[in-house]
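Trainee: Please find one structure pasted underneath; my questions will follow.
The values are calculated or read from the model by the stated rules, or taken from the named source; none is laboratory data. Not measured: the values here are computed from a predicted model. With ideal geometry, Cβ positions are generated from the backbone for all residues, glycine too; neighbour counts draw on all protein chains shown. Note: accessible area is taken over every heavy atom of the protein model, side chains too, but ligands, DNA and RNA are not part of it. Shrake-Rupley method; radii C 1.70, N 1.55, O 1.52, S 1.80 Å.
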Amino acid sequence: MADTFSDLVAAEDVLLFVNAAVTATGQREFRATADEQRLSLGFLHAYVRVNYRPLYAASLALDINDHNAALVVENLLRHAGEATPDEKRLEGRLIAARLAALPPPRVYRLFAALRAARVNNRRTRAVMRDWLAARPDPAHDAVKYRAGLKRAARHAHLRPGTAEVGDFLFAPRRRARYDDPRLDAHRRARHEQGALYELPFTVAEGFAARHGVPRAVFLERMAPRMTRLERLRAQGRDGPPAADLAAMPLTRLALYALSLGFEERAARRAELTGALRAAARRAAGPHAGTWGRVAAVLDDSYSSYGSGVKRRRPLAVALGCHFLLEALAAPGGYAPLWTSGATDPLMVRPWGATPLGARVLDALGTGPERLLIVSDGWDNAPPGLAGEVLRVWRSRLDPERRTSVTHLNPVYDADGFDVRRLAPSVPTAGVRDAEDVPSLVEIAQFAEGRTGLAELRAYLDRRIALFLGDA
């Protein structure tokens with residue numbers, strides 16, 4: 001059955017929301033303040049929830065970022081009365097699966113937001129109860145997320161995991177000591193410097209500052225207890241043992257590489273390049289080497305700096321995409337073109353204007369099977385040339401679509417309620433992490449306007465089945 005006009009509008013609205021939910025975090029961007037981002041995103045969440053609630057809930061099965069996943073869960077729980085019983089059952093499974101995948105601090109912040117909003121219905125309490133019951137180590141949570149666990153237990157009327165954990169949270173003076181070594185280490189760390197090295201890193205940091213422990217000594221002794229990300233954040237700043245870069249996620253690794261000075265990048269070229277390629281091969285998985293001839297236009301203009309709170313994030317996504325596309329392309333079939341004309345990806349920096357049109361022309365000249373453009377969509381040298389090039393290419397030179405063109409945009413445009421597009425004929429998808437590119441390219445096909453709501457629903461059903469383990 002052919003899609004009606006309303007179906008096409010619905011499909012477009014849902015894709016618009018997915019793009020926003022992948023990229024937007026409510027933080028300041030290069031061209032928008034944090035308030036503008038939050039206001040725009042809040043409207044979009046309300047609009048999609050009210051008009052397309054089942055599709056809104058289904059977005060939890062997609063690669064939306066943690067900020068928006070938590071917002072979706074919060075809104076579904078705050079407005080539980082809008083859903084039918086069948087919708088509630090599916091929403092409950094999606095919420096449980098997504099909460100299990102979110103970092104614990106994010107979930108505790110979500111519970112705090114629900115508490116602040118006085119959302120305390122039976123469904124919310126059940127969600128909180130089940131998530132807390134599934135936590136593998138209540139004593140660890142009690143030490144590391146003490147305030148969050150305390151608020152959640154109080155709000156949902158729950159008993160903490162054990163009597164000791166309950167006393168630790170709500171009556172810390174009741175016991176002279178604890179049987180659990182972490183709870184007791186937290187008690188002793190107030191007056192015993194050696195006890196802080198038995199605590200999680202983020203908790204021990206506060207006690208170390210209170211005891212006046214030199215930072216270098218503290219990091220050296222804490223090294224065995226630090227997570228991989230904690231090592232990466234501290235590496236090079238205060239001299240802790242090196243993190244295993246080869247095991248880091250691609251985009252996070254790209255951010256780390258770009259945070260280094262040019263001299264250090266040059267000195268560690270082999271290490272950084274090897275780690276980025278290893279991360280890219282992991283992200284490519286079974287798709288490695290299957291994309292044929294690939295050309296990429298990568299934006300390293302000044303706006304790729306991002307903002308003070310998302311420093312170099314758009315550039316890091318472009319750098320991660322560079323290594324990922326290199327892995328996805330056939331051997332020797334990858335042609336990268338940076339907007340600045342740079343030829344050394346490890347030395348890129350946010351600089352200059354955005355001559356996207358010229359680079360797109362250069363890229364199409366290499367005869368690729370796939371062309372991917374990673375940019376915030378602000379084509380300004382000259383303005384609008386990229387859109388015209390792509391329009392003429394698609395309508396006059398390649399109407400048979402021998403070359404697949406996809407625009408990946410890492411920046412949410414608060415004014416447009418979407419990621420900024422280059423041309424109507426080019427599918428555009430939001431991207432936050434480079435490692436999500438294969439799945440984003442798949443969903444970008446729906447943005448071409450050649451597929452409707454039925455195909456989109458079928459795609460979402462497949463993703464839900466995979467997400468919930470029903471496939």
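Trainee: With the structure loaded, tell me whether Tyr178 is in contact with an Asp or Glu (Cβ under 8 Å, 6 or more places away or on another chain) and either among the charged types (D, E, K, R) or open to solvent by 10 Å² or more (accessible area, probe 1.4 Å) (or both) or whether it fails that test.
Mentor: yes
Trainee: Are there any pairs, at least 6 apart or on different chains, whose C-beta atoms fall under 9 Å, with the first in the stretch 344-366 and open to solvent by less than 40 Å² (accessible area, probe 1.4 Å) and the second basic (Lys, Arg), and if so, which?
Mentor: Leu346/Arg265; Leu346/Arg269; Pro350/Arg312
Trainee: Output the residue which, of all residues in the stretch 411-445 that are open to solvent by 40 Å² or more (accessible area, probe 1.4 Å) and under 24 Å from Ala329 (Cα atoms), is farthest from the chain's Cα centre (by Cα).
Mentor: Applying the filter and picking the extreme gives Gln445.
Trainee: Something else: Of all residues in the stretch 10-32, which are assigned to a helix (DSSP H, G or I) and open to solvent by 20 Å² or more (accessible area, probe 1.4 Å)?
Mentor: Answer for the stretch 10-32, where residues must be assigned to a helix (DSSP H, G or I) and open to solvent by 20 Å² or more (accessible area, probe 1.4 Å): Glu12, Asp13, Leu16.
Trainee: Tally the residues that are surrounded by 13 or more Cβ atoms within 10 Å (Cβ to Cβ) and under 18 Å from Glu87 (Cβ atoms), restricting the search to the stretch 457-470.
Mentor: Final tally of qualifying residues: 7.
Trainee: So, in the stretch 345-364, how many residues would count as being touching a strand residue (DSSP E or B) at 6+ places or on another chain (Cβ under 9 Å) and not in a helix (DSSP H, G or I)?
Mentor: Residues in the stretch 345-364 being touching a strand residue (DSSP E or B) at 6+ places or on another chain (Cβ under 9 Å) and not in a helix (DSSP H, G or I): 5 in total.
Trainee: Still on this model: What are the pairs, 6+ residues apart or on separate chains, where a residue within the stretch 323-334 that is hydrophobic (A, V, I, L, M, F, W, C) has its Cβ under 7 Å from a residue that is assigned to a strand (DSSP E or B)?
Mentor: Matching pairs, first to second residue: Leu325/Val294; Leu325/Ala296; Leu325/Tyr334; Leu325/Leu372; Leu328/Val294; Ala329/Val294.
Trainee: Does the stretch 139-174 hold any residues that are closer than 17 Å to Ala113 by Cα, open to solvent by 10 Å² or more (accessible area, probe 1.4 Å), touching a helix residue (DSSP H, G or I) at 6+ places or on another chain (Cβ under 6 Å) and in a loop (DSSP other than H, G, I, E, B), and which are they?
Mentor: Tyr145
Trainee: Also, I was wondering about something else. Between Glu442, Glu388, Glu455, which is within 30 Å of Arg311 (Cα to Cα), assigned to a helix (DSSP H, G or I) and charged (D, E, K, R)?
Mentor: Glu442
Trainee: Here is a further query. Exactly one condition in (1) without any contact (Cβ under 8 Å) to a residue 40 or more places away in the chain; (2) hydrophobic (A, V, I, L, M, F, W, C); (3) open to solvent by less than 60 Å² (accessible area, probe 1.4 Å) is false for Leu60; which is it?
Mentor: It fails just one condition, (1).
Trainee: Return yes when Leu232 is within 23 Å of Pro314 (Cβ to Cβ) and buried (at least 19 other Cβ atoms within 10 Å of the Cβ) and no when it is not. So that I can check it myself, show each step before the final result.
Mentor: Working: within 23 Å of Pro314 (Cβ to Cβ): yes; buried (at least 19 other Cβ atoms within 10 Å of the Cβ): yes.
Spelling it out, Leu232 is indeed within 23 Å of Pro314 (Cβ to Cβ) and buried (at least 19 other Cβ atoms within 10 Å of the Cβ).
Trainee: Tell me, please, whether a residue that is within 26 Å of Gly387 (Cα to Cα) and in contact (Cβ under 8 Å) with a residue 24 or more places away in the chain can be found in the stretch 268-277.
Mentor: no
Trainee: Select, from Ala113, Ala133, Ala126, Ala97, the only residue that is surrounded by fewer than 17 Cβ atoms within 10 Å (Cβ to Cβ), farther than 30 Å from Glu198 by Cα and over 25 Å from the mean Cα position of the chain (by Cα).
Mentor: Only one candidate passes the filter, namely Ala126.
Trainee: Restricting to the stretch 62-90, what's the tally of residues that are at pLDDT 95 or above, under 25 Å from Asp418 (Cβ atoms) and part of a helix (DSSP H, G or I)?
Mentor: 12
Trainee: Can you name every residue in the stretch 309-339 that is under 20 Å from Gly285 (Cβ atoms) and assigned to a strand (DSSP E or B)? It would help to see each step written out before you state the result.
Mentor: So in the stretch 309-339, the residues under 20 Å from Gly285 (Cβ atoms) come out as 317, 319-331, 333-334.
Selection gives Tyr334 alone.
Trainee: Which one is surrounded by the fewest Cβ atoms within 10 Å (Cβ to Cβ) among residues in the stretch 295-308 that are assigned to a strand (DSSP E or B) and on the phi < 0 side of the Ramachandran plot?
Mentor: By that ranking, first place goes to Ala296.
Trainee: Still on this structure, please answer the following. For the stretch 396-441, which residues satisfy the criterion of being among the hydroxyl-bearing types (Ser, Thr, Tyr) and at pLDDT 90 or above?
Mentor: Within the stretch 396-441, the subset among the hydroxyl-bearing types (Ser, Thr, Tyr) is 403-404, 406, 412, 425, 428, 439.
Once the filter is applied, which keeps residues that are among the hydroxyl-bearing types (Ser, Thr, Tyr) and at pLDDT 90 or above, the stretch 396-441 yields Thr403, Ser404, Thr406, Tyr412, Thr428.
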